[in-house]
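Asker: Mind looking over this structure? Questions follow.
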Amino acid sequence: MSKKKGLSAEEKRARMMEIFFETKDVFQLKELEKIAPKEKGITAMSVKEVLQSLVDDGMVDCERIGTSNYYWAFPSKALHARKRKLEALESQLSEGSRKHVNLQKSIEKAKIGRHETEERTMLTKELSSLQEQREQLKAEVEKYKECDPKVVEKIRQESKIAKDAANRWTDNVFAIKSWAKRKFGFEENKIDKSFGIPEDFDYID
C-alpha cells in the first residue's frame, strides 16, 4: 500500500482555523497540540509552526496572560483581516499590471527603427521582474482564499462525502466477506490474504 500523503501547509492552516471557527473558544498551545492531531489530522510537532504563521498573518489573535499564551480567532475578524489582505494584494497586483502594460508599450515603441539599446535592455529586465512579482502576488492572493470560511466549509463537506463513500464500500467488503464465508466456508483470514485486505481494515470514524 502507498504511504499516505501528508497535509500541505495551507491544508494545515485551513484545518487549524476550523478548530477556532467551530468551537469559538480560547486555547493554549498544549491544548491545540492535543486537539489538532485527533480532530484535524495535524501532527502535534507542526501545530506551533502552523499557529505562529496564522498569528503572523493576523488571522489568529494571541495574548500572553501570566506565563501562558492564549490563542483565539473568530470568523468575523478573520474574514475582515483576509479582506484587507486581499484588497492590499489586489491593489499591488493592479499596480503591477499597469506598470507591465506601460513597459510593454515602451518596449514596443523602442523597437521602432532602433537597434538593441541599454535602455531597452533595462526595460526588458524590469518587465521580467514585474511579471515575476505579479505571479507571486497571484499566488499570495490564492493562498488567502484557501482560508476563506466558504472554502473551509466546502472542504469539510467534501471530506464528509468522501468518508461516507469510503464507509459504504467498507460495508460492501464486509457483506461480500460474510457471503463468501457462508457460501464457501472460507476462513476470514484467508479471504483477507487472498484479496489483500489489511488486518486493520475498518470503518473511518
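Asker: Scan (1) open to solvent by 70 Å² or more (accessible area, probe 1.4 Å); (2) at pLDDT below 75 for the single condition residue 148 breaks and write down its number.
Answerer: Result: residue 148 passes all but (1).
Asker: Kindly evaluate residue 68 against the criterion of being in contact with a helix residue (DSSP H, G or I) (Cβ under 7 Å, 6 or more places away or on another chain) and either within 15 Å of residue 15 (Cβ to Cβ) or open to solvent by less than 60 Å² (accessible area, probe 1.4 Å) (or both).
Answerer: no
Asker: Being open to solvent by 60 Å² or more (accessible area, probe 1.4 Å), touching a helix residue (DSSP H, G or I) at 6+ places or on another chain (Cβ under 6 Å) and either modelled with pLDDT of 80 or more or not in a helix (DSSP H, G or I) (or both) narrows it down to one residue among 131, 92, 52; which is it?
Answerer: 92
Asker: Quick one: is residue 60 modelled with pLDDT of 85 or more, within 22 Å of residue 149 (Cα to Cα), touching a Leu at 6+ places or on another chain (Cβ under 6 Å) and not hydroxyl-bearing (Ser, Thr, Tyr)? Before you say what the answer is, go through the steps one by one.
Answerer: Working: modelled with pLDDT of 85 or more: yes; within 22 Å of residue 149 (Cα to Cα): yes; touching a Leu at 6+ places or on another chain (Cβ under 6 Å): yes; not hydroxyl-bearing (Ser, Thr, Tyr): yes.
When the stated conditions are applied, residue 60 passes them.
Asker: Look at residue 8 and say whether it is polar (S, T, N, Q), modelled with pLDDT under 90 and surrounded by fewer than 14 Cβ atoms within 10 Å (Cβ to Cβ).
Answerer: No.
Asker: Moving on to the next point. Which ones in the stretch 95-120 are at pLDDT 75 or above and either in a loop (DSSP other than H, G, I, E, B) or not small (Gly, Ala, Ser) (or both)? Let's see the steps before the verdict.
Answerer: Step one: filter the stretch 95-120 for residues at pLDDT 75 or above, giving 95-105.
Selection gives 95, 98, 99, 100, 101, 102, 103, 104, 105.
Asker: Please enumerate the residues belonging to the stretch 92-108 that are basic (Lys, Arg) and closer than 12 Å to residue 128 by Cα. Spell out how you get there, then give the answer.
Answerer: Kept after step one, since they are basic (Lys, Arg), are these residues of the stretch 92-108: 98-99, 105.
Once the filter is applied, which keeps residues that are basic (Lys, Arg) and closer than 12 Å to residue 128 by Cα, the stretch 92-108 yields only 99.
Asker: In this structure, does residue 78 turn out to be touching a helix residue (DSSP H, G or I) at 6+ places or on another chain (Cβ under 8 Å), modelled with pLDDT under 85 and open to solvent by less than 70 Å² (accessible area, probe 1.4 Å)?
Answerer: The answer is yes for residue 78.
Asker: Given the structure, is residue 46 in contact with a helix residue (DSSP H, G or I) (Cβ under 7 Å, 6 or more places away or on another chain), in contact (Cβ under 8 Å) with a residue 40 or more places away in the chain and hydroxyl-bearing (Ser, Thr, Tyr)?
Answerer: The answer is no for residue 46.
The values are calculated or read from the model by the stated rules, or taken from the named source; none is laboratory data. This one's a predicted model, so the numbers in the text were calculated from it and none came from an experiment. Neighbour counts run over all protein chains shown; Cβ positions are idealised from the backbone, glycine included. Protein only, heavy atoms only, side chains kept; ligands, DNA and RNA dropped before computing areas. Shrake-Rupley method; radii C 1.70, N 1.55, O 1.52, S 1.80 Å.
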